[in-house]
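Here's the structure, in structure tokens; my notes come after.
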Amino acid sequence: MKELEDKARLPEKVAAAWHKFYRGKIETLPKCAIRSLDDFSIWYTPGVASPCREIYENEEKVYEYTSKWNTVAIVSDGSRTLGLGNIGAMAAIPVMEGKALLFKYLGGVDAFPIVLAEQNADRIVEIVKAISPTFGGINLEDISTPKCFYILERLQRELDIPVWHDDQLGTATASLAALYNALKIVGKELSDVEIAIIGAGAANIATYRLLKAAGADPKKMFVVDSKGILHKDRKDLEAKKSENPYKWQLCLETNGEGKTGGIAEAMKGVDVVIAASKPGPSVIKKEWVAEMNGDAIVFAEANPIPEIWPWEAKEAGARIVGTGRSDFPNQINNSLVFPAVFRGIFTVRAKKITDEMCIAAAKALAAYAERKGINEEYIIPKMTESDVFPEVATAVALKAIEMGLAKLEMSEEEIHESAKEMITATQEKIKTLQELGFINPPPAERVVE
């Protein structure tokens, strides 16, 4: 087991050296032809005045003449970055650049980090609104609770472009997708199972909401925060319900049995554990897993180290285990979600993202894995299965059209082909740049094997 743990910690050891070698992970390159300096008279002055005038007369033409149609702002204040806490804007840049890399490589979506030296929720809303004309969508990232809910709700209400908080919606969608297939393997129904939700931050509050929307019973869910199980007699949370109504709502809606105590009590006799709390190991103990129902499902999603090592959960009797890491089976990763979701909404120019679209994305992910052949160590597609992304994008786009939220009407085949072409073209460009030596490999001695 020591060998497995050492391998799990290896990416952290080489990350700083690789980042220093490349001095950042993204850059801006022209996408238009530049054959001579004469072309700049078209791309810039005086020729550029023509599209400017047309956009002034009809703002919808901005989607035809500029990159807005395919560009996302990744906005963070660094107040809740990974498992590192409030590390501020500067220290959050590597994460946001990584996010931009995933947007482009997996979804063909252009994304740019916007880190803010501002942590006031209302100010963040105003800043994002002010910069929004440049972007076709907003991806909020690593913003602490409860302000992340407030910021998301305001921006969704006040902007006419899609706004998404990946820590909430991406993680919730991936968890739902994995749970769909895990339940198929163990022969249980979402509406019947009891679920312990460990952690009451952005990811798990959103997961609770999406599970409820998908058909799970709130009374059979038990949410645990740092002080214990949520229930209607939590006076500490009732006193703060105006400040954090999101958590108080869970106190009122969940825990039909009125359970009290901590993680151990929440896990006893449940079918499923979904944890997105703090990095482990040993946040969840083997003996608590052993107290779950038969055919237990454990999703330990904390990064960089899960709440319990997967082999320990298995030893304790869990039948299916998922984590947030790519080096273990069943990676429950929002990277399977956000590139495809934005690819879908951009393809049909949807004006918002809904729970129904998230559920459609989760079902598409689950269906893809099921066609491949699900088993205890394969309940959700892997990031390397690049053909899953056009499928998820298509499902999201079709749901947007069905709900009347898309500005472009396209057939299923047209959507799929467009999404596949965008994603494939991006990956081929990167491959070509590497083959030609414009993107160099990291030093050989630092390669993670």
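The values are calculated or read from the model by the stated rules, or taken from the named source; none is laboratory data. Small disclaimer: the values here were computed from a predicted structure and weren't measured. Virtual Cβ from ideal backbone geometry, glycine too; neighbours counted across all protein chains shown.
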| How many of the residues in segment 66-87 are farther than 20 Å from I345 by Cβ and without any contact (Cβ under 8 Å) to a residue 24 or more places away in the chain? | 3
| Output for segment 123-146, where each listed residue is of a type in the set (V, I, T), touching a residue at least 60 places away in the same chain (Cβ under 8 Å) and farther than 22 Å from N244 by Cα | T134, I138
| query | Has segment 157-180 got at least one residue that is free of Cβ contacts under 8 Å to residues at least 12 places away in the same chain and not aliphatic (A, V, I, L, M)? | reply | yes
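Going by what's in this entry, would V341 be described as assigned to a helix (DSSP H, G or I) and either in the same structural domain as T207 (by TED's automatic domain parsing) or β-branched (V, I, T) (or both)?
Answer is yes for this residue.
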| Got a number for residues in segment 204-234 being touching a residue at least 40 places away in the same chain (Cβ under 8 Å) and among the polar types (S, T, N, Q)? | 2
| request: Output the residues belonging to segment 160-191 that are out of contact with any Lys or Arg (no Cβ under 8 Å at 6 or more places or on another chain), outside any helix (DSSP H, G or I) and at negative phi. | output: W164, H165, K188, E189, L190, S191
| In segment 404-428, how many are part of a helix (DSSP H, G or I) and either crowded, with 18+ Cβ neighbours inside 10 Å or outside the structural domain of K352 (by TED's automatic domain parsing) (or both)? | 8
| Given the structure, is W311 out of contact with any helix residue (DSSP H, G or I) (no Cβ under 6 Å at 6 or more places or on another chain), more than 27 Å from I423 (Cα to Cα) and not in a loop (DSSP other than H, G, I, E, B)? | yes
| said: modelled with pLDDT of 95 or more, part of a helix (DSSP H, G or I), farther than 24 Å from A296 by Cα and aliphatic (A, V, I, L, M): is that true of A367 in this structure? | reply: no
| remark: Going through segment 272-291 in order, the residues found to be surrounded by 20 or more Cβ atoms within 10 Å (Cβ to Cβ) and in contact (Cβ under 8 Å) with a residue 40 or more places away in the chain are V272, V273, I274, A275, A276, S277, I284
| note | Taking first residues from segment 253-271 that are under 10 Å from M292 (Cα atoms) and second residues anywhere that are acidic (D, E) and in a loop (DSSP other than H, G, I, E, B), the pairs with Cβ under 6 Å that are 6 or more apart or on different chains are K268/E291; V270/E194; D271/E194
| Got a sec? Which of A239, A264, A202, A213 is outside the structural domain of N120 (by TED's automatic domain parsing), more than 28 Å from I151 (Cα to Cα) and either surrounded by fewer than 21 Cβ atoms within 10 Å (Cβ to Cβ) or at pLDDT below 95 (or both)? | A264
| segment 238-260, residues that are touching a strand residue (DSSP E or B) at 6+ places or on another chain (Cβ under 7 Å) and outside any helix (DSSP H, G or I) | T254, N255, K259, T260
| query | Just one of the numbered conditions (1) part of a helix (DSSP H, G or I); (2) over 23 Å from D192 (Cα atoms) is not true of E265; which one? | reply | (2)
| field | Test result for I205, in a loop (DSSP other than H, G, I, E, B) and under 26 Å from P339 (Cβ atoms) | value | no
| remark: In segment 297-308, residues that are buried (at least 24 other Cβ atoms within 10 Å of the Cβ), among the aliphatic types (A, V, I, L, M) and part of a loop (DSSP other than H, G, I, E, B) total 2
| note | Selection from segment 354-363 of residues closer than 14 Å to G404 by Cα and buried (at least 24 other Cβ atoms within 10 Å of the Cβ) yields M357
| field | Number of the condition not met by Y368 [criteria: (1) loosely packed, with under 15 Cβ neighbours inside 10 Å; (2) touching a Pro at 6+ places or on another chain (Cβ under 7 Å); (3) of a type outside the set (A, V, I, L, M, F, W, C)] | value | (1)
| request: Kindly indicate whether Y63 is without any contact (Cβ under 8 Å) to a residue 40 or more places away in the chain and more than 30 Å from P304 (Cα to Cα). | output: no
| field | Conditions (1) more than 22 Å from I74 (Cβ to Cβ); (2) surrounded by fewer than 23 Cβ atoms within 10 Å (Cβ to Cβ); (3) out of contact with any strand residue (DSSP E or B) (no Cβ under 6 Å at 6 or more places or on another chain); number of the one not met by P381 | value | (2)
